[in-house]
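Student: Have a look at this one.
The values are calculated or read from the model by the stated rules, or taken from the named source; none is laboratory data. Quick caveat, the model's predicted, so the values are computed rather than measured. When we count neighbours, we look across all protein chains shown, and the Cβ atoms used for this are built from the backbone with ideal geometry, even at glycine. With ligands, DNA and RNA removed, areas are computed over all heavy atoms of the protein, side chains included. Shrake-Rupley method; radii C 1.70, N 1.55, O 1.52, S 1.80 Å.
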Amino acid sequence: MKTNQELLKEREKQVPRGPFNVTPLFVSEAKGATIKDVEGKRYIDFAGGIGVENVGHCAEEVVSVIKDQVEKYIHTCFHVVMYEPYLTLAKKLNEITPGDFEKKTMFANSGAEAVENAIKIARYYTKRDAIICFEDAFHGRTLLTMTLTSKVKPYKFGFGPFAPEVYRIPYAYCYRCSFDEKYPSCNLRCAEHLREVFHTYVPAENIAALIVEPVLGEGGVVVPPKEFLPRLKEICKENGILFIVDEIQTGFGRTGKMFATEHFNVEPDIIITGKSLAAGLPLSGITGRAEIMDAPHIGGLGGTFGGNPLACRAALAVFSIFEKKNLLFRAQRIGKRVLEKFKEMQEKYYIIGDVRSLGAMVALEFVRNRKTKEPAKEETNLLVRKCYEKGLILMLGGTYGNTIRTLMPLVISDDELEEGLSILEEGIREVDKQLGFLNPD
């Protein structure tokens, strides 16, 4: 078998430089919460394929149903010859997603494709064009979703012009408040700013939908105050604007509930799912109020591979695993332990500026100076390298690239979790020492 270095040279020769790589590693096998590279080295996985492996790598039940489905049929295209797994999964999502009203669900391949379809449906239903999105948000890499995404480099740089009628407002990022306010005395000025937008940028009558992540994912695990989403929903409802929630990363147990929206007691008009929905197979869902989802004409929505039968079967297995292994409770336990450890490290290491969490979605934001909050981007990249060299795979995040977000599989064992946290602290200790000249203590 070739080495990592040999394969890396082949990658550089055969694949364009555009697709990024967090590590220079090549996997030979993965199981649960561990990955083995082609040289036989084992790694604790705190990235989970960017939040895709909540039920773990190669979960036995998922592998079993995929094998069973492969022997029956792989693809007919749902638009040509339909199949029952699509319907069964749609019914499941209609039943469990937030909202006590009749819903309908359609499937696509990627999160970006799901976002695009949600916007198409919202525009068709409302007969309006404009979309409101947020600073520090991430919704994908296609033309429209790249427009909705906030971070310029690397996602948008050089790829303009962008889609029209997209307007951006600040998120409830309390650590870096856009209005220099303090919660709760701010009275959620960030949410109330939406009303100002109606007068200064685009009239409410032109806005089809507002799309929001209940917790920023790639934006750095920014958890808003509990009143933020309800306030936004209230303003949207007052003005006939659809409320779309992007749960692509936050869904399927990551926050300790099946959907992060449940923490905030709001009911989206449309909810978008993906990533861990099918345990690694490409599948995303668009679920919404039946009257909204039924608005587009026949043939107006679809795609050749959307709702592939293998992916639908895998997704149904994911629901079964959650029930059998009580993964929502497990996510809460993981989150409690990781947050406890991160808070402890924040007291010890000056480079840690902020700790944020909701369930097992926990983040460390690194700064070079706690007073100025200057992002420690280079130091964070160094930390990622030190950690994978020691056997831990991490995932970066944040608009400034200075955040580590935990997206470990929820099936991770206590021993594996502690091993990973120990490696992470060792790496932080080494990086913090290099930053020691800035530490006032």
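Student: In percent, how large is the relative contact order of the chain, given Cα pairs closer than 8 Å and 6 or more residues apart?
Tutor: In percent, rounded to a whole number, it is 22.
Student: Same structure, new question: In a solvent-free Debye calculation with one equal scatterer on each Cα, what is log10 I(q)/I(0) for segment 370-419 at q = 0.25 Å⁻¹, listed in the order of the q values?
Tutor: With no solvent term, the Cα-only Debye profile gives -0.98.
Student: Based on DSSP H assignment, which helices of the chain show an axial Cα extent of at least 27 Å together with a mean Kyte-Doolittle hydropathy greater than or equal to -1.0? Could you put the intermediate results ahead of the total?
Tutor: Numbers: long enough: 327-348 (31 Å, -0.80); 414-434 (30 Å, -0.97).
Length and hydropathy pass: 327-348, 414-434.
Student: Post the alpha-carbon centroid distance, segment 253-301 to segment 68-136, in whole angstrom.
Tutor: 7
Student: May I have the extent of the alpha carbons of segment 1-89 along their three principal axes, as whole Å values ordered from largest to smallest?
Tutor: 45, 29, 25
Student: Determine the equivalent ellipsoid of segment 167-235 by diagonalising the alpha-carbon gyration tensor, then write out the semi-axes as square roots of 5 times the eigenvalues, largest first, rounded to whole Å. Walk me through the numbers on the way to the answer.
Tutor: Values: eigenvalues 80, 40, 25 Å².
With the √(5λ) rule applied to segment 167-235, the semi-axes are 20, 14, 11 Å.
Student: Which percent of the accessible area of segment 73-324 is formed by carbon and sulfur heavy atoms (probe 1.4 angstrom)?
Tutor: Numbers: 5480 of 10220 Å².
Carbon and sulfur: 54 percent of the exposed surface of segment 73-324.
Student: Follow-up question, since we're still on this one. Taking every pair of alpha-carbon atoms in segment 118-240, what share in percent sits in each 5 Å bin, from 0 to the bin with the longest distance?
Tutor: 2, 11, 21, 23, 21, 15, 6, 1, 0
Student: Same structure again: Any number yet on Rg/Rh for segment 335-441, C-alpha, Kirkwood? Write down the numbers at each step before the final one.
Tutor: Values: Rg = 12.9 Å, Rh = 13.7 Å.
Using Cα coordinates only, the ratio equals 0.94.
Student: Quick one: grab Rg to one decimal and Dmax as a whole number for segment 227-268, Cα atoms only, in Å.
Tutor: Radius of gyration, then largest Cα-Cα span, for segment 227-268: 10.9, 32 Å.
Student: What share of all Cα pairs of the chain, in percent, falls into each consecutive 10 Å distance bin?
Tutor: So the P(r) values, bin by bin, are 4, 21, 31, 27, 13, 3, 0.
Student: In segment 339-429, which trypsin sites (Lys or Arg not before Pro) fall in coil by DSSP and have 16 or fewer other Cβ atoms within 10 Å?
Tutor: On the way: sites: Lys341, Lys343, Lys348, Arg356, Arg368, Arg370, Lys371, Lys373, Lys377, Arg385, Lys386, Lys390, Arg405, Arg429; in loops: Arg370, Lys371, Lys373.
Sites meeting the loop and neighbour criteria: Arg370, Lys371, Lys373.
Student: Sticking with this structure for a sec: State, as an integer percentage, the relative contact order of segment 164-310 based on alpha-carbon contacts under 8 Å between residues 6 or more apart.
Tutor: Working: 181 pairs, mean separation 24.8, N = 147.
Relative contact order of segment 164-310: 17 percent.
Student: So what's the Cα pair-distance distribution over segment 73-324, bin width 10 Å, in %?
Tutor: Taking all Cα pairs of segment 73-324, the binned fractions are 7, 32, 37, 19, 4, 0 percent.
Student: A follow-up question, please. Given an 8 Å cut-off on Cα distances and at least 6 residues of separation, report the relative contact order of segment 309-441 as a percent.
Tutor: 21
Student: Now for a separate question. What number comes out for accessible area per residue over the chain if the probe is 1.4 Å? Units Å², please.
Tutor: Details: 19580 Å² over 441 residues.
Per residue, the chain has 44 Å² of solvent-accessible surface.
Student: Going highest first, how would you order 64-76, 5-17 by mean Cβ packing within 10 Å? All intermediate terms of the calculation are to be shown ahead of the outcome.
Tutor: Working: 64-76: 13.1, 5-17: 10.9.
By packing density, highest mean first, the sequence is 64-76, 5-17.
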